[in-house]
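Take a look at the structure below.
The values are calculated or read from the model by the stated rules, or taken from the named source; none is laboratory data. Here the structure is a predicted model, which is why all the values come from computation and not from measurement. Every residue, glycine among them, receives a Cβ derived from its backbone with ideal geometry; neighbour counts consider all protein chains shown. Just so you know, the surface numbers come from the protein's heavy atoms only, side chains and all, with ligands and any DNA or RNA stripped out. Shrake-Rupley method; radii C 1.70, N 1.55, O 1.52, S 1.80 Å.
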Amino acid sequence: MIYRIVIIFLLLPVCRTAAQDMPFQYEGQQLKTIEVPIGGISTGNILMGGRGDFSHIEIFNRPNRLRYPINTFFAIYSEVEGELPVSKILEGEYIPPYGEETHLKSSGLPRIDEVIFINNYPEVLWQFKDQDLDLEMNLSVSNPFIPLDVENSAFPLVDFRWSVVNTANKRTSITLLLNMENMIEAESISNQFFEDGELTGIRFFADSSTDINNRGQYIIATDQDDVTAQTHLYSGKWRDDMHILWEDFSSDGKISEVRETWNSTYKTPSYNEISNRNGVLAVSFTLDPGETIEI
């Protein structure tokens, strides 16, 4: 005897509500397992975590989920006129049970109280709120996806756009900082000061004789005017590099200018070593009460 199983799909019209038209929003414990790929089609990707953190950088012709960027983050310095300054890494606090916490991520430095992630891919948004900062801080990240335009959708670019609003009733001095590791796994890698037209930044590249997967380069850059660059951090032991950088930055919102080309090598640092591969950009500005800037 043969039995026939018939499955019938009944298609009914769906009435969309106002709530369904809103982007997906996540916060609190939900942020722990979120990783958002950003970048052009077939260009690899940068994975941003739900807390607003740099989770992984995979732009070398292969996945690399076991390799975390060392001390790679945005940070902010804010000094309201007549008050003590506040400096924090622009990420949400680590979420229990703290499995990702490590000395290679500057885990002892202060982070933001509350983060909300809004997913409206290919545009994604992080909102940062902190009781110590009289600022509204949003990070908008856009992927170069243009319908029916493959060539421009495959451009190897990520646009990080910070919006900062002064909610204090006094003038506020602010510095926005990006600390980025040179992630290229080659025996000879370099960090080089970069200036081209309106852009100022740091170029990370490898010696041309390295293997084909690491012959590329990537650049961090900004179009702002008041930019300070460090092509490399202090060279020492233990946590000297981050101690010196954070003390310098958090004291007055300024960092020492270092524009010399820095040559190093890729290797996994031991517990008492530092990587010597990070470059830093800092943008300084002032905002009157209620004033907004986009970086």
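Here are a few things to note about the model shown:
- Taking every residue in the range 267-295 that is more than 26 Å from Ser251 (Cβ to Cβ) and pairing it with any residue that is of a type in the set (Ser, Thr, Tyr) and not in a strand (DSSP E or B), at least 6 positions away or on another chain, the pairs with Cβ-Cβ distances below 6 Å are Pro269/Ser275.
- Tally, over the range 86-103, of residues that are open to solvent by 50 Å² or more (accessible area, probe 1.4 Å) and either at pLDDT 90 or above or of a type in the set (A, V, I, L, M, F, W, C) (or both): 1
- Filter pass, Lys129 being open to solvent by 70 Å² or more (accessible area, probe 1.4 Å) and either modelled with pLDDT under 90 or not hydroxyl-bearing (Ser, Thr, Tyr) (or both): yes
- Entirely in the range 165-264, the strands (runs of 3 or more DSSP E) that have 3 or more residues that are modelled with pLDDT of 95 or more and closer than 30 Å to Leu133 by Cβ: 172-181, 199-206, 217-222, 227-230
- Candidates are the residues of the range 41-53 that are assigned to a strand (DSSP E or B) and open to solvent by 10 Å² or more (accessible area, probe 1.4 Å); the one that is farthest from Lys88 (Cα to Cα) is Asn45.
- Among the conditions (1) within 24 Å of Ile219 (Cα to Cα); (2) in a loop (DSSP other than H, G, I, E, B); (3) over 16 Å from the mean Cα position of the chain (by Cα), Asn152 misses just one, which is (2).
- Looking only at the range 139-159, and only at residues there that are open to solvent by less than 50 Å² (accessible area, probe 1.4 Å) and without any contact (Cβ under 8 Å) to a residue 40 or more places away in the chain, the one that is farthest from Thr43 (Cα to Cα): Ser140
- The single residue among Thr175, Thr200, Thr167 that is in contact with a helix residue (DSSP H, G or I) (Cβ under 8 Å, 6 or more places away or on another chain), closer than 26 Å to Phe249 by Cα and not hydrophobic (A, V, I, L, M, F, W, C) turns out to be Thr175.
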